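First the structure, in the form of structure tokens, and then the observations on it.
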Amino acid sequence: MKLGRPLWAEVDLDAIAHNVRQVQRRIGPRSQVMGVVKANAYGHGAVAVARAALEAGATHLGVACVDEGAQLRKAGLKAPIVVLGYLPPWEATQAVQYSLTPTVTTQETALALARAAQEADTHVPVHVKVDTGMARFGLPPQEVEGFVAFLQTLSGLSLEGLYTHFATADEADKTYTRQQYRAFLGVAERLPQALVRHVANSATVADLSDMSLDMVRPGIALYGCYPSNQVTRSLDLRPALSLKSRVARLSTLSPGDTVSYGRTWTADRASRIALIPCGYADGLPRLLSNRGAVLIRGRRAPIAGRVCMDQFMVDVTHIPDVEQHDEAVLIGRQGELEISVEEVAEQAQTISYEILCALSARVPRYYLRDGRVVERSTLVEHQGDETPASGGATPE
Ligand SMILES: *Cc1c(COP(=O)(O)O)cnc(C)c1O
């Protein structure tokens with residue numbers, strides 16, 4: 001893409017749609033899909049991803065907080081949006097204003113929501129979360145029945161769903177997950193009314209699709225990654241995101257010359273070094289210093305020295321004919337080679353989720369359908385920028 005900043009993410013909306021359909025195929029027609037698009041759709045861009053997921057058959061969207069839900073509503077999305085995180089009572093008015101579906105676990109927030117709904121002459125659908133063993137968020141199982149009875153007394157508020165979250169669904173040993181599942185079903189059975197029950201994250205969809213119940217909540221699978229390497233490769237997932245840049249400068253070093261802050265990389269021979277204009281402020285972990293690599297001209301070029309805030313260097317001595325503005329792939333494919341998010345995550349001692357979520361707003365996102373750019377989102381709109389929707393630019 002020779003347009004704008006020489007660092008960009010390409011998000012393949014066809015891959016998102018494909019992954020949604022893979023999930024639906026796995027869980028069968030009786031369960032619905034809530035596309036989890038919190039954290040800016042794991043860095044991919046919430047609005048474009050949410051639209052693609054809904055078009056591909058997702059019926060609900062999941063976000064972590066009111067602002068994320070409001071962003072989707074302001075973009076015109078109409079599907080139910082479940083707020084999966086804690087909602088403080090003082091955000092009740094906004095939650096109602098944006099027609100969100102909050103999770104309630106306290107009387108105080110439930111009362112605030114009921115009041116806000118009555119004032120707006122509407123009603124607010126809510127879900128109750130049960131903490132079946134994650135000790136993170138939700139009501140203890142023994143408190144659910146009483147809480148649900150309390151919700152029943154509030155006009156303006158209608159209880160719609162009941163859910164829980166698994167702590168170890170992405171591990172090979174599913175004993176604890178089954179235990180959590182049994183605890184959840186026990187709670188659900190004791191309630192007088194039928195609720196939309198949902199427990200399954202991506203790992204559960206892949207390995208325990210018999211727990212799909214009425215709805216599933218995949219996040220990472222929509223983006224084409226497996227939650228961990230212990231999860232069975234039972235879905236045909238396509239990674240949706242590539243991160244690309246271009247060589248900004250080439251320099252020649254003599255043996256003994258050093259690269260970047262702290263001089264942690266020393267040339268042991270006459271070396272060619274390429275500058276890549278991407279840094280930890282863009283979300284590239286500093287832990288990749290002297291560890292990670294990029295793809296240039298179909299070859300791996302290892303990172304030389306420390307990753308800086310806005311740029312880093314790679315050793316291209318072994319790659320002939322490298323030129324300024326050559327494409328450098330940080331995540332994704334080039335020629336025969338691929339650098340996966342999982343590889344980057346491992347080098348940075350973390351999980352794919354964190355690498356994806358960390359991609360900052362400074363990185364332009366280009367959205368692709370049929371291999372063509374249909375939309376882009378950048379930090380600022382420059383006057384005179386082409387509209388790719390009409391131009392249909394093809395990324396090189
Ligand atoms: C983030 C989240 C999910 C999605 O998890 P993945 O592992 O990405 O599939 C599902 N449910 C809840 C409550 C979450 O917070």
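Every number in this text was worked out from the coordinates using simple rules, so none of it is lab data. Please read all numbers here as calculations on a predicted model, not as lab measurements. As a convention, Cβ positions derive from the backbone with ideal geometry for all residues, glycine included, and neighbour counts pool all protein chains shown.
Observations
- Based on alpha-carbon atoms, the Kirkwood radius and the radius of gyration of region 305-353 give Rg/Rh equal to 0.99.
- Region 145-186: chymotrypsin sites (Phe, Trp or Tyr not before Pro) in DSSP coil with no more than 13 other Cβ atoms inside 10 Å: none
- Length gained on full extension, residue 310 to residue 268, computed as 0.36 nm times the residue gap minus the Cα-Cα distance: 12.5 nm.
- Descending semi-axes in Å of region 129-197, equivalent ellipsoid built from Cα gyration tensor: 25, 11, 10
- For region 99-217, the fraction of C-alpha pairs more than 25 angstrom apart is 25%.
- Average projection, convex hull of the Cα set of region 144-183: 3.6 square nanometres.
- Expressed per residue, the C-alpha convex hull volume of region 2-87 stands at 114 Å³.
- Peptides 293-299, 16-22 ranked from most to least packed give 16-22, 293-299, packing being the mean of other C-beta atoms within 10 angstrom over each peptide's residues.
- Largest-first principal axis extents, alpha carbons of region 45-123, Å: 36, 23, 18
- Percent breakdown of C-alpha pair distances by 5 Å bin, ordered from the shortest bin, for region 250-396: 2, 9, 16, 19, 19, 16, 10, 5, 3, 1, 0
- The Cα center of region 148-163 and the Cα center of region 35-93 differ in position by 22 Å.
- Each listed q (0.07, 0.08, 0.09, 0.11 Å⁻¹) maps to a log10 I(q)/I(0) for the chain, found by the Debye formula over equal Cα scatterers with no solvent: -0.38, -0.49, -0.60, -0.84.
- Evaluated on region 215-319, the Kirkwood hydrodynamic radius is 15.6 Å, with distances taken between all distinct Cα atoms.
- Gyration tensor verdict on region 279-341 (Cα atoms; rounded if a/c is under 1.5, prolate if a/b is larger than b/c, oblate otherwise): prolate
- Estimated distance in nm for a label pair at residue 258 and residue 336, the labels positioned 7 Å out from Cα along Cα-to-Cβ: 3.8 nm
- Look at the alpha carbon pairs under 8 Å that are at least 6 residues apart: their mean separation over the length of the chain gives a relative contact order of 16 percent.
- For region 68-164: rounded, prolate or oblate by the Cα gyration tensor [a/c cutoff 1.5]: oblate
- For residue 201, the residues 5 or more places off, or on other chains, whose built amide H falls under 5 Å of its own are 166, 217.
- Amide H partners (placed H, <5 Å) of residue 279, local residues excluded: 284, 311
- From the alpha carbon centroid of region 267-312 to that of region 361-377 is 24 Å.
- Charge dipole (region 43-137, unit charges on Cβ, about Cα centre) - positive-most of 113, 70, 97: 70
- Interatomic Cα distance distribution for region 1-146, bins of 5 angstrom, percent: 2, 9, 16, 17, 17, 16, 11, 7, 3, 2, 1, 0, 0
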